[in-house]
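Input: a single structure, listed below in structure tokens.
The values are calculated or read from the model by the stated rules, or taken from the named source; none is laboratory data. Remember, predicted model here, so these are calculated numbers, not experimental data. Ideal geometry is used to build each Cβ from the backbone, glycine not excepted, and the neighbour counts take in all protein chains shown.
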Amino acid sequence: MPNAGELRVLYTREAISGRVAELGRQITADYQGRSLCVVGILKGATIFLADLVRSISLPLTLDFMAVSSYGHATSSTGVVRILKDLDTHIAGHHVLIVEDIVDSGLTLRYLLNLLAARGPASLRTCVFLDKPARREVEVPLDYVGFAIPDVFVVGYGLDYAEDYRHLPYLAVIDGEKSRG
Ligand code: 5GP
């Protein structure tokens with residue numbers, strides 16, 4: 001296990017749960033009378049998605065994609081690889097992509113283009129975290145949990161070398177040196 005430095009809490013479990021409930025209410029209101037196809041991006045979005053969908057009062061299906069852009073490093077290569085595609089067809093459905101964090105925007109941009117080509121009735125994005133300072137390509141963010149500065153965060157689904165995903169809060173790793 002790499003020495004990742006000290007953890008400093010950025011958002012507590014309570015702050016996160018309050019914000020996620022708000023997002024769920026907003027999504028419920030925006031999609032009234034429709035059903036939703038929620039597409040979670042593995043693995044980072046799993047914890048956020050699990051809490052989010054339980055705050056949404058609509059008919060809803062779940063599907064997942066796994067993509068790889070970073071491997072075990074913490075800087076973007078710009079290369080997006082599909083490791084797992086959807087199990088279901090999304091043509092004609094209202095699709096909401098749920099992602100953990102938007103950094104350069106390359107991953108979400110790629111996913112939006114890919115899924116848009118499959119003919120959904122609508123396609124929106126919901127991200128737990130937005131790191132606008134690092135954006136390289138513009139991506140439309142319809143629902144955002146928190147905007148954060150350019151720091152490397154872990155917890156609530158986000159990892160460092162696959163650890164820390166299970167932390168119920170969001171933390172910054174102080175002294176994290178691996179960013180390129
Ligand atoms: P993008 O393609 O927007 O540059 O990268 C998005 C992906 O980068 C996220 O899904 C996540 O896996 C990873 N990432 C970006 N910033 C962070 C961060 O601060 N912490 C962690 N754990 N992953 C990050």
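Are any residues in segment 100-145 hydrophobic (A, V, I, L, M, F, W, C), assigned to a strand (DSSP E or B) and within 12 Å of the ligand (Cβ to nearest atom), and if so, which ones?
Matches in segment 100-145: ILE101, VAL102, VAL127, PHE128, LEU129.
Yes or no, residue by residue, for (1) closer than 22 Å to ARG19 by Cα; (2) under 16 Å from the mean Cα position of the chain (by Cα); (3) of a type in the set (Gly, Ala, Ser):
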position	(1), (2), (3)
LEU112	no, yes, no
ARG118	no, no, no
ARG124	yes, yes, no
PHE128	yes, yes, no
PRO132	yes, yes, no
VAL137	no, no, no
ASP142	yes, yes, no
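Just a yes or no: is a residue in segment 12-35 modelled with pLDDT of 95 or more, in a strand (DSSP E or B) and touching a Leu at 6+ places or on another chain (Cβ under 9 Å)?
No; the residues of segment 12-35 include none that is modelled with pLDDT of 95 or more, in a strand (DSSP E or B) and touching a Leu at 6+ places or on another chain (Cβ under 9 Å).
In this structure, does ASP87 turn out to be assigned to a loop (DSSP other than H, G, I, E, B), within 10 Å of the ligand (Cβ to nearest atom) and without any contact (Cβ under 8 Å) to a residue 40 or more places away in the chain?
no
Among ARG118, ARG124, ARG134, which is the only one that is closer than 25 Å to ARG34 by Cβ, surrounded by fewer than 17 Cβ atoms within 10 Å (Cβ to Cβ) and not polar (S, T, N, Q)? So that I can check it myself, show each step before the final result.
Values: ARG124 fails: surrounded by fewer than 17 Cβ atoms within 10 Å (Cβ to Cβ); ARG134 fails: closer than 25 Å to ARG34 by Cβ.
Result: ARG118 is the single residue among ARG118, ARG124, ARG134 that is closer than 25 Å to ARG34 by Cβ, surrounded by fewer than 17 Cβ atoms within 10 Å (Cβ to Cβ) and not polar (S, T, N, Q).
Among the listed residues GLY5, GLY71, identify the single one that is at positive phi, at pLDDT below 95 and in contact with a Gly (Cβ under 7 Å, 6 or more places away or on another chain).
Testing whether each residue is at positive phi, at pLDDT below 95 and in contact with a Gly (Cβ under 7 Å, 6 or more places away or on another chain) leaves just GLY5.
Mind listing just one residue for me: the one in segment 26-58 that is exposed (fewer than 15 other Cβ atoms within 10 Å of the Cβ) and either in contact (Cβ under 8 Å) with a residue 40 or more places away in the chain or farther than 19 Å from ASP142 by Cβ (or both) and, of those, nearest to the ligand (Cβ to nearest atom)?
Out of the qualifying residues, it is ALA50.
Looking at ILE97, ILE173 in this structure, which one is within 10 Å of the ligand (Cβ to nearest atom) and either assigned to a loop (DSSP other than H, G, I, E, B) or surrounded by 20 or more Cβ atoms within 10 Å (Cβ to Cβ) (or both)?
Selected residue: ILE173, the only one of ILE97, ILE173 that is within 10 Å of the ligand (Cβ to nearest atom) and either assigned to a loop (DSSP other than H, G, I, E, B) or surrounded by 20 or more Cβ atoms within 10 Å (Cβ to Cβ) (or both).
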